[in-house]
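The values are calculated or read from the model by the stated rules, or taken from the named source; none is laboratory data. Quick caveat: nothing in here was measured; it's all calculated off a predicted structure. Methodologically, a virtual Cβ is constructed for each residue, glycine included, from the backbone with ideal geometry; neighbour enumeration extends over all protein chains shown.
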Amino acid sequence: MFLSVFEMFKVGVGPSSSHTMGPMVAAARFLDAMRAAPFKPGGVRASLHGSLAFTGVGHATDRATILGLAGFVPETYDRGEADAELARLREEKRLRPEGLPELRFDPETDLVFDYERKLPGHANGMILMATDAQGDVLLQETYYSVGGGFVLTEAELAAGKDTDDGPPVPHPFKSAAEMVEMSAATGLTVAEMKRANEISRGGADRLDRGLARLWDVMNGCIEAGLATDGTLPGGLRVRRRAKAIHDALQAERGRNQSAPHTINDWMSVYAMAVNEENAAGGQVVTAPTNGAAGVVPATIRYYLDHVPGASRSRVPEFLLTAAAIGGLVKYNASISGAEAGCQAEVGSAAAMAAAGLCAVLGGTTAQIENAAEIALEHHLGMTCDPVRGLVQVPCIERNGLGAIKAVSAASLALRGDGVHLVPLDACIETMRQTGSDMSEKYKETSLGGLAVNIPNC
């Protein structure tokens, strides 16, 4: 099993990897299919199903789908250009993607939220259609946004294309037990094995440049969040709090008035800064999803800013270790809130962050595995019940608590020798089973929990 660090960590756009980035990627793929087709399309239509329908507006799924059909992709997304394109489309009702003729598309009628029909492959399903001049369907494809920005067609999902089919890598492991055994046999750390695997596929230069960019974007997202106040979009009138909290923390530190527990506020504010940026539709790095994007960068900033002897040169080791753990969770369970609740998003992120921190603090592979297990175990059963379908409440604060749990898990693991009762593999399987048993009300549909028990306006 191989899942690249650049698949676990993707530069993209908020507020959701599965509901925003995924549909945009699916639409881009459909444009490619249209360009390869032997006919000339006259228009396009789209229908959203399952969780994409129920929380689509709050997650900007409609906006992302339309922009994807207009030719936008997450990696190069520009908010100003997107707003201008949507304004033009509202007036002209025509899409102009590169390499295709003008396409009829009325956002009011050609994008349907189908609340009745859930598609069989995954909770996040969508159907895209190309039509002729009379409106008859010429080409149709079903896509599933399976979490973290990963997208599969109906045929790919049925064929198991969610797994790696590339050339062999030097150190393949598909379970935590195999990872620990392979590390012991080779004398390599988790990050060293992951690095060798990455280099075998893409080369050292691409890896190093890519890792540096990931941290630059993550850290830039933190800084943007710490510098911005105001109210988040969406109608809940949620105030940005990261800037004010950060300003207060800096002032307290200057007066030497900080209590020891204030370190928790620093971790929280870094994570909240990221997730406020995500909620505002800014540029983020999925880690492993947008809804959980604050945990890993917050833990890295905690390490760099608050741990004596920390070095930025260790950040690639952190990211590689975290990606290895995230790959195990995705391969053996899920990172999708619509599939397994928030345990699959913030829980997975906390496990990744705990492992990464444990690694850069000198932990053994056994301690790294233990750290990831502790962090994930104490997120088991966590529901995904965003108020009004927005990635704001409880998501923003939840990332802060996820970072705190990650640091605590790494610290506890480092106090031990790596021997513990519950293996990470068993915890991942438990998360999968818990997600399977969880009511759909608590899996990113906003039909239960906090989403129905507090006012939505």
In segment 198-218, how many residues are assigned to a loop (DSSP other than H, G, I, E, B) and closer than 17 Å to Gly326 by Cβ?
0
Could you tell me whether any residue of segment 396-415 is modelled with pLDDT of 95 or more and not in a helix (DSSP H, G or I)?
no
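Can you pull out every residue in segment 406-422 that is at negative phi, of a type outside the set (Ser, Thr, Tyr) and surrounded by fewer than 24 Cβ atoms within 10 Å (Cβ to Cβ)?
Here is the first cut: in segment 406-422, the residues at negative phi are 406-417, 419-422.
Those left that are additionally of a type outside the set (Ser, Thr, Tyr): 406-407, 409-410, 412-417, 419-422.
Across segment 406-422, the qualifying residues are Leu412, Leu414, Arg415, Gly416, Asp417, Val419, His420, Leu421, Val422.
Tally the residues that are polar (S, T, N, Q) and in contact with a strand residue (DSSP E or B) (Cβ under 8 Å, 6 or more places away or on another chain), restricting the search to segment 345-386. Step through it out loud before you land on a result.
So in segment 345-386, the residues polar (S, T, N, Q) come out as 348, 364-365, 367, 370, 383.
From what is left, the residues that are in contact with a strand residue (DSSP E or B) (Cβ under 8 Å, 6 or more places away or on another chain) are 383.
Count: 1.
Scan segment 37-65 for residues that are within 18 Å of Ala280 (Cα to Cα) and either part of a loop (DSSP other than H, G, I, E, B) or aliphatic (A, V, I, L, M) (or both) and jot them down.
Thr55, Gly56, Val57, Gly58, His59, Ala60, Ala64 - these are the residues of segment 37-65 that are within 18 Å of Ala280 (Cα to Cα) and either part of a loop (DSSP other than H, G, I, E, B) or aliphatic (A, V, I, L, M) (or both).
Considering segment 361-372 alone, what residues qualify as being without any contact (Cβ under 8 Å) to a residue 60 or more places away in the chain and either more than 21 Å from Ala293 (Cβ to Cβ) or surrounded by fewer than 24 Cβ atoms within 10 Å (Cβ to Cβ) (or both)? Lay out the reasoning, then the answer.
First, pick out the residues of segment 361-372 that are without any contact (Cβ under 8 Å) to a residue 60 or more places away in the chain: 361-364, 367, 370-371.
Passing the criteria: Leu361, Gly362, Gly363, Thr364, Gln367, Asn370.
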For the list (1) under 21 Å from Ala344 (Cβ atoms); (2) part of a loop (DSSP other than H, G, I, E, B); (3) in contact with a strand residue (DSSP E or B) (Cβ under 9 Å, 6 or more places away or on another chain); (4) modelled with pLDDT under 95, I need the number of the one condition that Met1 fails.
(3)
Long-range neighbours under 8 Å by Cβ, at least six apart or interchain, first residue within 15 Å of Gly449 (Cβ to Cβ) within segment 389-408, second outside any helix (DSSP H, G or I) and among the acidic types (Asp, Glu)
Pro394/Asp385
Which numbered condition in (1) over 22 Å from the mean Cα position of the chain (by Cα); (2) closer than 30 Å to Ala242 by Cβ; (3) basic (Lys, Arg) is the only one that Arg415 fails?
(2)
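Would you confirm whether any residue within segment 53-69 is within 30 Å of Arg201 (Cα to Cα) and touching a His at 6+ places or on another chain (Cβ under 7 Å)?
Applying the first criterion (within 30 Å of Arg201 (Cα to Cα)) to segment 53-69 yields 68.
Next cut, touching a His at 6+ places or on another chain (Cβ under 7 Å) only: none.
No, segment 53-69 contains no residue that is within 30 Å of Arg201 (Cα to Cα) and touching a His at 6+ places or on another chain (Cβ under 7 Å).
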Please go through segment 410-457 and give me each residue that is within 17 Å of Leu390 (Cα to Cα) and of a type in the set (Val, Ile, Thr), ordered by number.
Thr445, Val452, Ile454
Please enumerate the residues belonging to segment 110-141 that are under 30 Å from the mean Cα position of the chain (by Cα) and free of Cβ contacts under 8 Å to residues at least 40 places away in the same chain.
Glu116, Pro120, Gly121, Gln140
Which condition breaks for Asp205 when tested against (1) among the acidic types (Asp, Glu); (2) touching a Phe, Trp or Tyr at 6+ places or on another chain (Cβ under 8 Å); (3) surrounded by fewer than 15 Cβ atoms within 10 Å (Cβ to Cβ)?
(2)
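Would you call Ala87 modelled with pLDDT of 95 or more and loosely packed, with under 13 Cβ neighbours inside 10 Å? Lay out the reasoning, then the answer.
On the way: modelled with pLDDT of 95 or more: yes; loosely packed, with under 13 Cβ neighbours inside 10 Å: yes.
So Ala87 fits the description; yes.
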Checking Asn264 against (1) under 30 Å from Pro455 (Cβ atoms); (2) in contact with a Lys or Arg (Cβ under 8 Å, 6 or more places away or on another chain): exactly one of these is not met. Which one?
(2)
